[in-house]
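What follows is a single structure, written as structure tokens, with notes after it.
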Amino acid sequence: MEKLLRGICDFRRNKLPALADRFRRLADDGQKPDVLFFACSDSRVEPSLIVSTDPGELFMVRTIGNLVAPASDDGVSVGDVSEASAIEYAVHILGVKHIVVCGHSRCGAMKATLAGREKLTAAPNLAAWLAHAEPARERLARSPFISEALPPEDRLSQANVLVQLDHVATFGGLHDLVHGGKISLHAWWFDVATGDLYVLDEERGGYILLDEAEAERVLSGRAAIHHTHD
């Protein structure tokens with residue numbers, strides 16, 4: 001807590017002056033983010049730092065395992081409605097054009113999924129929540145592009161990103177919006193040990209390191225890093 005309190009003082013003294021005008025504009029004009037970003041609650045993953053965004057540019061949801069409970073046939077979440085409401089707000093109110101699900105290496109949620117949720121006797125809510133990661137096992141079995149050289153939890157994590165994007169697409173007419181080209185879904189994966197970010201390129205069949213050369217490929221239209229609902 002001491003670090004947080006001193007950090008607030010440092011922010012006010014050294015960073016806020018340069019951001020004061022931006023905060024005033026955001027207060028007056030509201031937010032206009034282009035991206036809805038789902039990330040894990042893991043403290044080692046800091047999306048705004050990784051993608052170098054300023055306040056107002058990223059609409060973010062963080063959950064254990066970057067999991068999103070899917071919608072039932074009537075469009076209501078089968079789990080916590082928090083993620084569902086964030087999707088509906090981002091798509092229908094804010095008008096975002098991109099939705100990213102970003103997994104990461106050494107994810108504790110993936111380790112717990114592999115170990116078996118029945119071991120989480122002291123955390124029944126966590127065990128129930130991790131049920132939304134179970135389909136990643138089957139997805140991994142039919143995802144030959146996920147490297148076998150990765151540790152088991154990292155392989156499951158990359159497959160889990162695809163499952164959660166499928167869950168996202170069950171809400172609010174998103175399936176039609178994606179196939180109509182109005183919203184793009186993106187599968188990203190962050191390596192905590194190296195700080196590298198990988199993006200799924202379906203045309204090349206795997207997760208590709210997003211370096212400057214790859215970024216230029218994407219921006220020029222020579223690479224597609226989007227995920228299509230499976």
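General observations
- Only a single item in (1) acidic (Asp, Glu); (2) in contact with a strand residue (DSSP E or B) (Cβ under 9 Å, 6 or more places away or on another chain); (3) surrounded by 15 or more Cβ atoms within 10 Å (Cβ to Cβ) is not met by Glu202, and it is number (3).
- Residues that are touching a helix residue (DSSP H, G or I) at 6+ places or on another chain (Cβ under 8 Å) and hydroxyl-bearing (Ser, Thr, Tyr) within region 81-120 comprise Ser105, Thr113, listed in sequence order.
- When Arg106 is tested against the conditions (1) under 26 Å from Ser72 (Cβ atoms); (2) among the basic types (Lys, Arg); (3) at pLDDT 95 or above, the lone failure is (1).
- Taking region 172-216 as the range and being touching a helix residue (DSSP H, G or I) at 6+ places or on another chain (Cβ under 9 Å) and part of a helix (DSSP H, G or I) as the test, the residues that pass are Leu174, Leu177.
- Residue list for region 87-99, restricted to those being surrounded by fewer than 18 Cβ atoms within 10 Å (Cβ to Cβ) and within 26 Å of Ser157 (Cβ to Cβ): Lys97, His98
- Condition met for Leu174 (in contact (Cβ under 8 Å) with a residue 12 or more places away in the chain, farther than 21 Å from Ala71 by Cβ and surrounded by 14 or more Cβ atoms within 10 Å (Cβ to Cβ)): no
- With respect to being of a type in the set (Ser, Thr, Tyr) and surrounded by fewer than 23 Cβ atoms within 10 Å (Cβ to Cβ), Thr113 falls outside the description.
- Scanning region 169-194 for residues that are over 28 Å from Ser72 (Cβ atoms) and over 16 Å from the mean Cα position of the chain (by Cα) gives Ala193, Thr194.
- The single condition from (1) under 23 Å from Leu156 (Cβ atoms); (2) at pLDDT below 95; (3) in a helix (DSSP H, G or I) that Gly79 fails is (3).
- Meets criteria (part of a loop (DSSP other than H, G, I, E, B) and without any contact (Cβ under 8 Å) to a residue 60 or more places away in the chain) for Leu156: no
- Residue list for region 117-141, filter: touching a residue at least 24 places away in the same chain (Cβ under 8 Å) and buried (at least 18 other Cβ atoms within 10 Å of the Cβ): Trp129, Leu130, His132, Ala133, Ala136, Arg139
- Evaluation of Ser220 against (1) within 23 Å of Lys111 (Cα to Cα); (2) of a type in the set (Ser, Thr, Tyr); (3) modelled with pLDDT under 90 (one fails), failing number: (1)
- Boolean, His186 is modelled with pLDDT of 90 or more, of a type outside the set (Lys, Arg) and surrounded by 13 or more Cβ atoms within 10 Å (Cβ to Cβ): yes
- Residue that is surrounded by the fewest Cβ atoms within 10 Å (Cβ to Cβ), among those in region 28-47 that are more than 16 Å from Ala90 (Cα to Cα) and modelled with pLDDT of 95 or more: Ser43
- Selected residue (criterion: nearest to Ser43 (Cα to Cα)) from residues of region 107-116 that are part of a helix (DSSP H, G or I) and without any contact (Cβ under 8 Å) to a residue 24 or more places away in the chain: Ala112
- Search result, residues across region 48-69 that are surrounded by fewer than 20 Cβ atoms within 10 Å (Cβ to Cβ), at negative phi and not in a strand (DSSP E or B): Ser48, Leu49, Ile50, Val51, Thr53, Asp54, Pro55, Glu57, Ile64
- For region 29-49, filtered to residues that are among the acidic types (Asp, Glu) and touching a residue at least 40 places away in the same chain (Cβ under 8 Å), the residue that is nearest to Ala69 (Cα to Cα) is Asp42.
The values are calculated or read from the model by the stated rules, or taken from the named source; none is laboratory data. Here the structure is a predicted model, which is why all the values come from computation and not from measurement. Virtual Cβ from ideal backbone geometry, glycine too; neighbours counted across all protein chains shown.
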